[in-house]
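This report concerns only the one structure given below.
The values are calculated or read from the model by the stated rules, or taken from the named source; none is laboratory data. In this text, all values refer to a predicted model and were calculated from it rather than measured experimentally. In this analysis, Cβ positions are derived from the backbone assuming ideal geometry, glycine residues included, and neighbour counts consider all displayed protein chains.
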Amino acid sequence: MTLEPPPEYPNARHLALRKALGTFPSGVCVVTTEGEDGPVGITINSFTSVSLAPPLVLWCLDERSGRWPVFVAATHFRVHVLAAGEQALAHRYARGAARLVDGDQAFLADRSLAVFECRVHQQVQTGDHMIIIGDVQSFQDRPGSALTFHRGKYGSLEGGSE
């Protein structure tokens, strides 16, 4: 049996798959945690609920991320669901700044529709990502419109009636 080398990433098939997956609109979040050198953040669009009892959420981290070691070693994290109009904040933590500076946690909370404080429940490495499942310890939310990501562009989704 001969092992084939893995395909070069990203190849045309990966790019086509990414384009097709981009047809599914998603919310945009910034996940933060405390690293050895202070707090770090990363923008994600893979956040979802898992269970209400117990209260579990998940998000996915690309193994190619420079923030991989910090988040994989973390025992706690915070998910900030970004409000509409916060594209600059999303972009800042997407590929730009990883480190948070004094006041960033409060700044993020002020620009978020919801904040979930989580303890790491489980991590599952699959494919080229780590699925990080969190046990929600506390949360807060407020009304407003959400920042969305669809077909490679930011947008917004108006909140429905309660």
Of all residues in the stretch 113-148, count the ones that are in contact (Cβ under 8 Å) with a residue 12 or more places away in the chain, under 14 Å from Phe77 (Cβ atoms) and not aliphatic (A, V, I, L, M).
11
Options Arg78, Arg64, Arg92: the member that is out of contact with any Leu (no Cβ under 7 Å at 6 or more places or on another chain) and part of a helix (DSSP H, G or I)
Arg92
Looking only at the stretch 12-38, and only at residues there that are part of a loop (DSSP other than H, G, I, E, B), of a type outside the set (Phe, Trp, Tyr) and surrounded by 10 or more Cβ atoms within 10 Å (Cβ to Cβ), the one that is modelled with the highest pLDDT:
Val28
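Quick one: would you say Phe71 is in a loop (DSSP other than H, G, I, E, B) and either touching a Phe, Trp or Tyr at 6+ places or on another chain (Cβ under 7 Å) or modelled with pLDDT of 90 or more (or both)? Spell out how you get there, then give the answer.
Numbers: in a loop (DSSP other than H, G, I, E, B): no; either touching a Phe, Trp or Tyr at 6+ places or on another chain (Cβ under 7 Å) or modelled with pLDDT of 90 or more (or both): yes.
Taking the combined requirement at face value, the residue does not satisfy it.
Do we have Arg119 as modelled with pLDDT of 95 or more, in a strand (DSSP E or B) and either at positive phi or surrounded by fewer than 14 Cβ atoms within 10 Å (Cβ to Cβ) (or both) here?
On the way: modelled with pLDDT of 95 or more: yes; in a strand (DSSP E or B): yes; either at positive phi or surrounded by fewer than 14 Cβ atoms within 10 Å (Cβ to Cβ) (or both): yes.
The answer is yes for Arg119.
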Among the residues in the stretch 51-60, are any touching a strand residue (DSSP E or B) at 6+ places or on another chain (Cβ under 8 Å), surrounded by fewer than 19 Cβ atoms within 10 Å (Cβ to Cβ) and not in a loop (DSSP other than H, G, I, E, B)?
yes
In this structure, does Thr43 turn out to be over 11 Å from the mean Cα position of the chain (by Cα) and either part of a strand (DSSP E or B) or touching a residue at least 12 places away in the same chain (Cβ under 8 Å) (or both)?
no
Subset of the stretch 125-147 (residues that are part of a strand (DSSP E or B) and more than 14 Å from Thr48 (Cβ to Cβ))
Gln125, Thr126, Met130, Asp135, Gln137, Ser138, Phe139, Gln140, Asp141, Leu147
